[in-house]
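Encoded as structure tokens, the structure appears first; notes follow it.
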Amino acid sequence: MRDAKLERGPGEAAVLREGPVAGGGCKASRCGSSAREDELPDAIREKVRRHPCYSEEAHHHYARMHVAVAPACNIQCNYCNRKFDCANESRPGVVSERLSPAQAVAKVAAVAGAIAQMSVVGIAGPGDPLANPEKTFATLRGVAAILPDVHLCLSTNGLALPDHVDEIIRLNVHHVTITINAIDPQVASRIYPWIFYDHRRIRGLEAAEILCARQMEGLRMLVARGVLCKVNSVLIPGVNEDHLVQVNRVVKAEGAFLHNIMPLISAPEHGTAFGLSGQRAPTAQELKAVQDRCAGGAALMRHCRQCRADAVGLLGEDRAAEFTLQKIASIPVQPDHAVRRAAQARIEETRREDARARHAQEPPLPMAAPGVRAQVAVATSGAGRINVHFGRAREFQIYEVDAQGVRFAGHRRVDLKGEDAMADEERLHAAVCSLNDCAAVLAARIGAYPRERLAAAGIEAVERFAEGLIHVSIRGWFHDYAGRVERGETVHRTGQDAPLRQGAYVVA
Ligand code: CLF
Ligand code: SF4
């Protein structure tokens, strides 16, 4: 589980950061989240429909697993410590077990037998998959042989990518993530001190030039062969926050399907160059501001959970501890394909029913509310419904709503039920701080005291949509809210003036 703790800087409100964890992870439209499935060509829709990272909707229903078979890396990022797993799109944490390809395939079989909605197997570290090509490709071959229905996924820093495109195609890997933190070598040289390329260690600007060129070359080659490419970028305040808007435009022009801008994870105890030099992480609001500035460019992924290199389960849940090598020895190892097919067919039927219900039930959005745009937080454990009690939430999903519609905007982690010694009061304070730019929280149930604390922060506590579909419920709430704003019964909160915004916690 996460090891989250509160930190306070001088004069700051509570900031929640994650400390090192026992485990490792995968690497770093409109202005909204992932491109909408119903607007995609059939062939692409089919590729993303069951992929929890490539489809925001799918992430409510389908799980992924990572197999940590790739320990080595061919570059150095200033946000990475080799004792921890790859931080390209993961949070720092050692993987609990590094696997051989055979062990990885056995683990995939066990997970597929236990979690029928596991639809994607990815390799994302703890180093770089393509710096370990034999192990990576042996694993992918083994997984495809026992589980032909899963999507195979890779996440790489891109340096070795052009050398392996043919094998990626041969193995039917449909999804590749490339971490591109900069396209300008001057900017990149502040992030990567060295690379290992062509049998030698190369430093400084020359290293950055080679890496940037190879990343772009790899992206072009994959796009030309029909592979869906996602680009991950780590947002590093003072280094690349302005530059990422340009990165977004360029990777879109080169054919990237999605752009995932993630917050830097930086803490001195991680021992990374950035952590030790005092490079700070962005706030949740700074991250959102950069994402919003990318409007009109490559579609943005906003539901990334920066998972471990051995993550198992739905995004946002972590079931890796249930599938250690020791434990899988006692789980029946062969997945039942008929059971998997039936379970996934039920998911698809549920999705169709929910889509029909959404269309049938969605109240019209009030056109008499020009300029009224609100953020709301939703407590959900998946399936697109408001189904978690406020006090049991481990995260809240954030949506934006205005007269144009409801858009997913990200998530905020909270620690209301942690196991450490932090006082309940402090946990609640941190949770309220993290939601301080929201006008309302929609949960299955909200106790009297949290309700009071939310009200004091100007956040409405709403339980009347318990078990309701998220989009329908938000529209219902907004309908009422905009009416109250119009009648002068409620002061509209833009979120810009939220008193604790400075201290809103960083997902890190
Ligand atoms: Fe893993 Fe990455 Fe494939 Fe997803 S994760 S290799 S694309 S299957 Fe997903 Fe996790 Fe974010 Fe990665 S939420 S860290 S984007
Ligand atoms: Fe670490 Fe960067 Fe290598 Fe990933 S690509 S393992 S973050 S040095």
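A few notes on this one:
- Approximate shape of region 364-486 as ellipsoid semi-axes (Cα gyration tensor, √5λ), whole Å, largest first: 25, 15, 12
- Three-way shape call for region 202-318 based on the alpha-carbon gyration tensor, with the a/c threshold at 1.5: rounded
- Residue exposure proxy: LEU314, LEU211, ordered by other Cβ atoms within 10 angstrom of their Cβ from fewest to most, comes out as LEU314, LEU211.
- Overall form of region 312-391: oblate. Here a/c, set by the Cα gyration tensor axes a ≥ b ≥ c, is 1.5 or more, and a/b is not larger than b/c.
- Spin-label pair GLU486-ASP184: with each label point 7 Å from Cα along the Cα-Cβ axis, the two points sit 4.6 nm from one another.
- Applying a DSSP loop filter and a limit of 15 other Cβ atoms within 10 Å to the GluC sites (Glu not before Pro) in region 377-441 leaves GLU419.
- Long pairs among LYS107/LYS417; LYS230/LYS327; LYS252/LYS288; LYS107/LYS135; LYS107/LYS230, criterion Cα-Cα beyond 22 Å: LYS107/LYS417; LYS230/LYS327; LYS107/LYS230
- Residue-by-residue Karplus 3J(HN,Hα) for region 473-486, coefficients 6.51, -1.76, 1.60, Hz, glycine and proline x: 5, 5, 4, x, 5, 5, 4, 5, 4, 4, x, 5, 5, 5
- Peptides 43-56, 150-163, 182-195 ranked from most to least packed give 150-163, 43-56, 182-195, packing being the mean of other C-beta atoms within 10 angstrom over each peptide's residues.
- Packing-based order for 124-130, 345-351, 229-235, using average beta carbon neighbours within 10 Å, highest first: 124-130, 229-235, 345-351
- The fewest-to-most ranking of ILE328, ILE459, ILE261 by surrounding Cβ atoms within 10 Å reads ILE328, ILE459, ILE261.
- Amide H within-cut-off set for ALA70, under 5 Å, with H built and near neighbours excluded: GLY125, GLY127
- Hz values of 3J(HN,Hα) by residue in region 193-199 - Karplus curve (6.51, -1.76, 1.60), Gly and Pro given as x: x, 7, 10, 10, 8, 6, 6
- Residue exposure sequence - LEU140, LEU228 - by fewest surrounding Cβ within 10 Å: LEU228, LEU140
- Peptides ranked, highest mean first, by Cβ atoms within 10 Å: ranges 445-455, 265-275: 265-275, 445-455
- The string of couplings for region 393-399 from the Karplus curve (6.51, -1.76, 1.60, θ = phi - 60°) is 5, 9, 7, 10, 8, 10, 10 Hz, one whole number per residue in order, with x for Gly and Pro.
- Computed over region 364-486, relative contact order equals 31 percent, with contacts defined as Cα pairs under 8 Å that lie 6+ residues apart.
- Rounded to the nearest 0.05, the FRET efficiency derived from the C-beta distance between LYS327 and ALA253 at R0 = 51 Å is 0.65.
- Subtracting the Cα-Cα distance of GLU217 and ASP166 from 0.36 nm times their residue separation leaves 17.0 nm of extension gain.
Each value in this text was obtained by applying a stated rule to the coordinates, not by laboratory testing. As the structure is a computational prediction, the values presented were derived from the model and not from experiment. Because the Cβ atoms are built from the backbone with ideal geometry, glycine has one as well, and the counts that use them run over all protein chains shown.
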